[in-house]
Amino acid sequence: MAVEDEDINPQKKKAPSEDDKRRMKIVPGSLMKAVMRPGGGDSTPSDGDQVAYHCTVRTLDGVIVESTRSEYGGKGIPIRHVLGKSKILLGLLEGIPTMLKGEVSMFKMKPQMHYGEDDCPVAAPSTFPKDEELHFEIEMIDFAKAKIIADDFGVVKKVINEGQGWETPRAPYEVKAWISAKTGDGKLILSHREGEPYFFTFGKSEVPKGLEMGIGTMTREEKAVIYVTSQYLTPSPLMPVVEGCEEVHFEVELVHLIQVRDMLGDGRLIKRRIRDGKGEFPMDCPLHDSLLCVHYKGMLLNEEKKVFYDTRVDNDGQPLEFSSGEGLVPEGFEMCVRLMLPGEIALVTCPPDYAYDKFLRPANVPEGAHIQWEIELLGFEKPKDWTGLSFDGIMDEAEKIRVTGNRLFKEGKFELAKAKYEKVLRDFNHVNPQDDEEGKVFVGKRNLLHLNVAACLLKLGECRKSIEACNKVLDANPAHVKGLYRRGMAYMALGEFEEAQRDFEMMMKVDKSSEPDATAALSKLKKQRQEVESKARKQFKGLFDKKPGQISEVGIENQGEDQAAGKNENDGSEQESDGVEAQEFHEAAAEAPRKGWFYRFWPTSGRLFSALGLDRCTIL
């Protein structure tokens, strides 16, 4: 039986736009067009185009109602609309897309085609004869694709020449541009076209607001006209406000932009590019952990700007090579180098906490010193691509990264260590073992990485996330001893003793060899629970014997005892061996930030008292 071809999945019809719905109201004879002067070319405006036109409205007997032309009492400024975006009269909505550039036409409109339209989106002037049939004389001056920058059409950009790349200026970039400006009727009011281009810092109100908004969408070497209405013509060093000027057309050529980045968002760590590098930003930057090669000069940010180190002088002219993501240079230094292109030179201004206050400080750098580095990125070597490697090769590369993470963990750089482990876990998403033996090795390595992440989270005080990391192992293998131990320690750090006890007891059931570690953990658990209960009894002793009106402050009398006890707990934390992993991973739970004793006794107390607006438990 033959089956006719059918469109099984017909495309849904596009819902009509508001303009389409308005066009449906047009009836024959309500809009007539007569060409008075032909235009040039063969293209007509379409949606997304900005059209500029003069308009003169007359009654049928020739009396002028209104006009944009100065000879007819208008301001001489053409009307600008963006087709498909601006609200315009129905007759013009239908008629303008039929016109050529330079064309002059007369449109005869019934009232329902201009301001007499039901629910007309354009308000009629107070004296306008909106119930009469009228003639609209339209001269099409220009039309071109435009970018609407301000939602109210107060800033619109027309591109004349496309620019290079995609990077656009933003605060606090430094910009060089040729700029000229004309009023809406064509009078030149500003010209920076000779000598040096106009230089300004983006975001500091050094040019009118609307002009800056427009330039903020431009790329290097782009040339454009930016149309700015009066509400966006804010005073600036470039141009004072022109009295009585409703609109200014800025012709702009973006000559150069200097990338200046506020790395922290508070103005303390600033990277200023002083020589462009090669490639596209940021695709060709060493965003990922890489082997970097740089020359740099370090200066104290004081009046003398004393140089305390220069690789070209103090390192026998040899550049510095280091691997990013391993804490081998100050944090502010590495953050900025990661956003440099090969060959780029940047000037970095860095606060003490991102320079040498938290890093090995050179002898000639005083504590608390603000630093300025001049850095040249000579090049970088990306991490080895796993594509094409055998399974064993991939496992070897993964182990190298994990060993680096272990070293960082041992050095107390827990965030960096966690980043190393998580990178390998992300890359593991694209690894497919080919047989059972490879699958076993792969799962073992992945579980080890999840538990390493859990150890880092525990050190960082993120106990809940540590438990989640352990669960990624235990959900697939509930008898994983190492996962049980790590999760139990996280529960204990949270004061959730029942859950911790279950995990430690399960360890002994599934693996007798883990009994020493589990027994030690249970002993510690018992001690902590006893201390919590003892403190609770002391705190609440006599609480309910108080008479009405008396106040008992909870948590104040024994505050000193609590602090001393907490210190003793940390001092007495045991260091269990983890068999496969280094000893320091098992110390994570003992050193994890601890919750208060009252939280352990009543875990939901924090949420309750916070909801009531009470930071301490004060019983009335």
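Sort ARG487, ARG446, ARG537 from largest to smallest accessible area, using a 1.4 Å probe on the heavy atoms of the protein chains.
ARG537, ARG446, ARG487
Does the stretch 145-255 come out rounded, prolate or oblate, given a ≥ b ≥ c as the square roots of the eigenvalues of its C-alpha gyration tensor, rounded meaning a/c under 1.5 and, failing that, prolate meaning a/b above b/c?
Cα axes put the stretch 145-255 in the rounded bin.
Heavy atoms only, probe 1.4 Å: what % of the accessible area of the chain goes to carbon and sulfur, would you let me know?
Roughly 50 percent, rounded to a whole number.
Using a probe radius of 1.4 Å on heavy atoms only, what accessible surface per residue do you get for the stretch 1-142? Whole Å² is fine.
Result: 61 Å² per residue.
Could you give the spread of the C-alpha atoms of the stretch 262-389 along their three principal axes, from largest to smallest, in whole angstroms?
52, 35, 27
How much length is gained if the chain between ASP119 and LYS13 is pulled fully straight, taking 0.36 nm per residue apart and subtracting their Cα-Cα distance, in nm to one decimal?
35.6 nm
Taking K and R as +1 and D and E as -1, what net charge do the other residues with C-beta under 13 Å from the C-beta of SER290 add up to?
-3
For the stretch 395-531, list log₁₀ I(q)/I(0) at each q in 0.18, 0.19 Å⁻¹, using the Debye formula over Cα point scatterers of equal strength and ignoring solvent, two decimals each.
Listed by q, the Debye log ratios stand at -1.03, -1.11.
Hey, what do the phi angles of the stretch 238-243 turn into as Karplus ³J(HN,Hα) couplings, whole Hz, using 6.51/-1.76/1.60 and θ = phi - 60°, x for Gly and Pro?
These are the phi-based 3J(HN,Hα) values: 5, 8, x, 5, 8, 5 Hz.
Provide the gained length on full extension for the span LEU389 to GLN434, in nm with one decimal, where the gain is 0.36 nm per separating residue minus the Cα-Cα distance.
Separation in residues times 0.36 nm, less the Cα-Cα distance, equals 14.9 nm.
Given a 1.4 Å probe, how much area per residue of the stretch 326-379 is accessible, in Å²?
38 Å²
Summing -39500 (n - 2.57) over the DSSP H runs of n ≥ 4 in the chain and dividing by its residue number, what mean residue ellipticity at 222 nm do you reach, to the nearest 500 deg cm²/dmol?
Using -39500 (n - 2.57) per qualifying helix, the result is -9000 deg cm²/dmol.
By how many nm would the segment from GLN318 to GLU331 lengthen if fully extended, with 0.36 nm per residue of separation less the alpha-carbon distance?
This chain segment gains 2.5 nm when fully extended.
What FRET efficiency do you get for GLU468 and ASP276 if R0 is 60 Å and r is their Cβ-Cβ distance, rounded to the nearest 0.05?
Computed FRET efficiency for GLU468 and ASP276: 0.85.
Can you name the helices of the chain, as whole DSSP H runs, whose Cα span along the helix axis is 30 Å or more and whose Kyte-Doolittle mean is not below 0.0?
436-459
So how far, in whole Å, is the C-alpha centre of the stretch 156-195 from the one of the stretch 406-478?
Centre-to-centre (Cα) distance: 52 Å.
With r defined as the distance between the Cβ atoms of LEU360 and LYS75 and R0 fixed at 60 Å, what FRET efficiency is calculated, to the nearest 0.05?
The pair LEU360/LYS75 has a calculated efficiency of 0.30.
The values are calculated or read from the model by the stated rules, or taken from the named source; none is laboratory data. Treat the numbers as computed from the prediction; the structure is a model and nothing was measured. For neighbour counting, all protein chains shown are included, and Cβ atoms are generated from backbone atoms with ideal geometry for every residue, glycine included. Please note that ligands, DNA and RNA were not included when accessible areas were found on the heavy atoms of the full protein model with its side chains. Shrake-Rupley method; radii C 1.70, N 1.55, O 1.52, S 1.80 Å.
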